[in-house]
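Input: a single structure, listed below in structure tokens.
Since every read-out is calculated from the coordinates, none of them should be taken as a lab result. Every value quoted in this text rests on a predicted model; they were computed, and no experiment measured them. Using ideal geometry, Cβ is built from the backbone for each residue, glycine included, and neighbour counts are taken over all protein chains shown.
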Number of protein chains: 2
Amino acid sequence: MDEDLPPPIDSPSDAPGRLGEFVSLSSRERSALAGLLEPVQHWPRHHVLRHEAAEPAHLYLLTHGWVASSIALASGKQQIVKVHLPGDLLGAPSLCFTTTVDCLTAMTPIAVHAISRSRLIATFEAFPRIALSLFLSAQKERVALMESLAVVGQAPAHVRIAATLTNLFDRLSERGDAPGGMFHMPLTQRDLGDLIGITPVHVNRTLREMDRLHLIKRSDQTISLLDVDRLRRIAGLPIRRYVFGSNRIASV
Amino acid sequence: MDEDLPPPIDSPSDAPGRLGEFVSLSSRERSALAGLLEPVQHWPRHHVLRHEAAEPAHLYLLTHGWVASSIALASGKQQIVKVHLPGDLLGAPSLCFTTTVDCLTAMTPIAVHAISRSRLIATFEAFPRIALSLFLSAQKERVALMESLAVVGQAPAHVRIAATLTNLFDRLSERGDAPGGMFHMPLTQRDLGDLIGITPVHVNRTLREMDRLHLIKRSDQTISLLDVDRLRRIAGLPIRRYVFGSNRIASV
DNA sequence: CGGAGTTTTGAGGCTATTCAAAGGTCGTGG
DNA sequence: CCACGACCTTTGAATAGCCTCAAAACTCCG
């Protein structure tokens, strides 16, 4: 099985990906979104898509691979604030600032479509339902950050790891990329540390302990969640249901 | 004492407050926003405006006082993810979920206008520029959370406190509520702890140490930042400039 | 005046950090 | 094909920062 290679999003109707997740868009709206996408670009692992404190001229739609969004502190440490997966829109938080807020780094080989900031804003004004959809997606990202903050602020290392792994599992599962709790895990232990606010050394000891408890199994760059339910209970976060399906905001 | 009570926002043109911060709205748009506001409600300190896991039928525009948005973990601990000040829109993160994400608690006596969720969404579709404006505000909130996460994840206690105090100072200063670095500080040391992920005992020792170093001075429920520049350097976060003024997105 | 919540202080313990180094993996170039 | 370097993982030992428990002093409010 091609379990760690999600199908690239190529056809125009799929192109907007998660951009219309909360609002069912008309075909006119979907093609307006697809029209924003510049030709696909491919980049290798470790490529910096956009530095911190740069000119925020573009956003990116990630169609393949993983991208970390990170913030550097004066102390020299950095926090990864989000690991982006395929379908995610990158760079939106910098939209209201004169200079980019986060650094976007490829954690795997990636494929992205650039999106012009000014054209996106023009599309907002022409297509209010697209604006509504992206607004709701932004709120969803806010909630993800709120939960990360809660876990990093209040929980010990093994809980932070459990929360991170179940979160990745859930998001990968939406595209069928984590069958049987197993998925490709390109983050190094240092990356994981930067993500959850823990030293790589301590990440190692904690992972090793979770391994010993048969919560996870690691091999190569692959991880298996052996007991997702128990990991969720350890993480201590509620399962959230999106406004979707029947509640999804219908087409006009 | 009335000296630290900011003037309430009452006239219809002011009512939208920060809702139009990034887009200059027409008077028609402004009155559409003002029309969303239900009559003002007043609540005492410690009142829970909206519990976690409740029905998300309303948002709130805060016009007076401080409100904490918090998330509870299974461990019994809670994280305050944001301290809202007058002009802030409360409850938006829950918009795309079937159940509310955060708990909204008054930290002072407050005044709020409820906003119907469904009417807000209808307004989005009718007024694309309002949608754009609220979208940008949501991105700004996202950045605030990203910075909180970075500080809580990577910095020791005194840095977290410096970042929190300068952030409050900056936001209060926009409305002239922190003259000379002095402002009313209704958060208890326990609240501060819940906000930055530190035990109240350790918050106390750290505040006391910062007091000794002449960085801050505390009395009553009031705090003075004696050296804002040094506090900013300790916090280690860049000063961000908003897309505003000449860059502000003009009226059609 | 009593009671509840907040601030302050002390002592001891635990989690996570720092520093250091060895062993492993992988890609690259000789 | 092997040797090398770069990076990652693993392990150990000592330490620092923060937590827990506990209790006293203080403030505020009824």
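A few remarks follow.
- Across the identical copies, how the A:Q189 labels are spaced - nm, sorted shortest first, 7 Å along Cα→Cβ: 3.8
- Inter-copy label distances at A:G76 (7 Å, Cα→Cβ; nm, one decimal): 4.0
- Principal-axis tilt of helix B:128-154 within chain B, Cα atoms, nearest 10 degrees: 20 degrees
- Once the Cα gyration tensor of the stretch A:34-156 is diagonalised, semi-axes √(5λ) in Å: 24, 18, 14
- Helix A:27-36 and the longest principal axis of the C-alpha atoms of chain A enclose an angle of approximately 70°.
- Restricting the calculation to alpha carbons of the protein assembly as shown gives Rg and Dmax of 22.3, 69 angstrom.
- Take each residue of peptide B:192-205, count the partner chain Cβ atoms within 10 Å of its Cβ, and average: the result is 1.
- Annotation: amide H-H contacts under 5 Å for A:L90 (H modelled 1.01 Å from N, sequence separation of 5 or more, or interchain): A:Y60, A:L61, A:L62.
- For A:H47, inter-copy label distances in nm, listed shortest first [label point 7 Å out on the Cα-Cβ vector]: 5.5
- 3J(HN,Hα) along the stretch A:94-106: 7, 4, 9, 10, 7, 9, 5, 8, 10, 9, 9, 10, 6 Hz, from the Karplus curve 6.51 cos²θ - 1.76 cosθ + 1.60 with θ = phi - 60°, whole Hz, x for Gly and Pro.
- Neighbouring Cβ atoms from other chains, within 10 Å of the Cβ of residues in B:70-81, number 6 on average.
- In chain A, helices alone account for a calculated mean residue ellipticity at 222 nm of -12000 deg cm²/dmol, with every DSSP H run of four or more residues adding -39,500 (n - 2.57).
- Averaged over the residues of peptide B:121-128, the number of Cβ atoms from other protein chains lying within 10 Å of each residue's Cβ is 5.
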